[in-house]
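Colleague: For reference, the structure I am asking about is given below.
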Amino acid sequence: MPARGEILLAGESLGGLSRAAVARRVAVVPQDVPSGFPYTVEELVLMGRFPHGPGRFFESDEDAREAREAMAAAAVLQLRGEPLDRLSAGERQRVMLARALCQHAPLLVLDEPTAHLDLRHQAECVGLLRRLNRGAGLTIVLISHDLNLAAELCDRLLLLRSGMAVRVGSADAVLEEPTLESVYGCRVVVDKHPASRRPTVQIIWPDPEGR
């Protein structure tokens with residue numbers, strides 16, 4: 001709960017909503033699955049259906065269908081019978097995304113969604129998030145240290161320093177060299193991506209000889 005004030009979710013006070021009600025509205029993708037989680041991929045993804053029937057003990061045929069579609073979208077359907085502890089970090093990340101998609105919540109919150117993914121799966125993840133946002137109308141809140149990913153995916157950016165807002169606005173308005181150098185304490189160059197024309201940020205690496 002907030003130290004002061006009130007948080008509204010779709011116009012309703014967050015404090016007045018049950019956990020299941022919040023989960024039907026917001027799906028969260030953390031950075032990783034907790035260790036020692038003794039479930040298969042399919043079992044974890046099916047947990048995303050719990051908010052839609054919290055009193056049930058068994059999944060319905062609809063739940064199973066939703067889980068298969070979510071696993072297919074996240075490219076983990078072929079892993080559905082695998083125990084989570086046998087997966088790579090990137091595979092677990094995609095499983096967590098599938099679980100969130102299975103919730104069918106209108107708001108998706110992702111914490112470093114591409115942190116453990118190789119280049120191919122980064123591209124697939126970005127493509128999927130774009131389709132969900134622009135095609136399915138899903139609202140996405142992305143938390144990331146990857147400024148180039150944020151610039152490529154997001155319509156609006158909020159740049160924070162020590163928990164305080166520094167600047168909010170479009171990628172072009174936020175990702176400016178003086179602002180970034182002030183926040184991160186290093187020299188950068190901001191250019192344009194040759195295809196998307198979105199800002200790209202590059203670090204000017206220190207000279208190893210100190211010149």
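Colleague: Would the stretch 172-193 turn up any residue that is surrounded by fewer than 13 Cβ atoms within 10 Å (Cβ to Cβ) and either within 30 Å of L101 (Cα to Cα) or assigned by TED's automatic domain parsing to the domain that holds A74 (or both)?
Modeller: Within the stretch 172-193, one or more residues are surrounded by fewer than 13 Cβ atoms within 10 Å (Cβ to Cβ) and either within 30 Å of L101 (Cα to Cα) or assigned by TED's automatic domain parsing to the domain that holds A74 (or both).
Colleague: Filter the stretch 40-88 down to the residues that are loosely packed, with under 13 Cβ neighbours inside 10 Å, touching a Gly at 6+ places or on another chain (Cβ under 9 Å) and either part of a helix (DSSP H, G or I) or modelled with pLDDT of 95 or more (or both) and list them by number.
Modeller: Answer for the stretch 40-88, where residues must be loosely packed, with under 13 Cβ neighbours inside 10 Å, touching a Gly at 6+ places or on another chain (Cβ under 9 Å) and either part of a helix (DSSP H, G or I) or modelled with pLDDT of 95 or more (or both): just D85.
Colleague: What's the number of the only condition in (1) part of a helix (DSSP H, G or I); (2) farther than 19 Å from D32 by Cα that L101 fails to meet?
Modeller: (2)
Colleague: Separate question: With respect to the numbered conditions (1) surrounded by 12 or more Cβ atoms within 10 Å (Cβ to Cβ); (2) closer than 23 Å to M96 by Cβ, which one is the sole condition not fulfilled by G135?
Modeller: Condition (1) is where G135 drops out.
Colleague: Still on this structure, I have one more. Determine which member of the set A64, A75 is assigned by TED's automatic domain parsing to the domain that holds R131, within 23 Å of L149 (Cβ to Cβ) and not acidic (D, E).
Modeller: Sole residue among the options that is assigned by TED's automatic domain parsing to the domain that holds R131, within 23 Å of L149 (Cβ to Cβ) and not acidic (D, E): A75.
The values are calculated or read from the model by the stated rules, or taken from the named source; none is laboratory data. Computed from a predicted model, the values in this text were never measured in an experiment. Neighbour counts run over all protein chains shown; Cβ positions are idealised from the backbone, glycine included.
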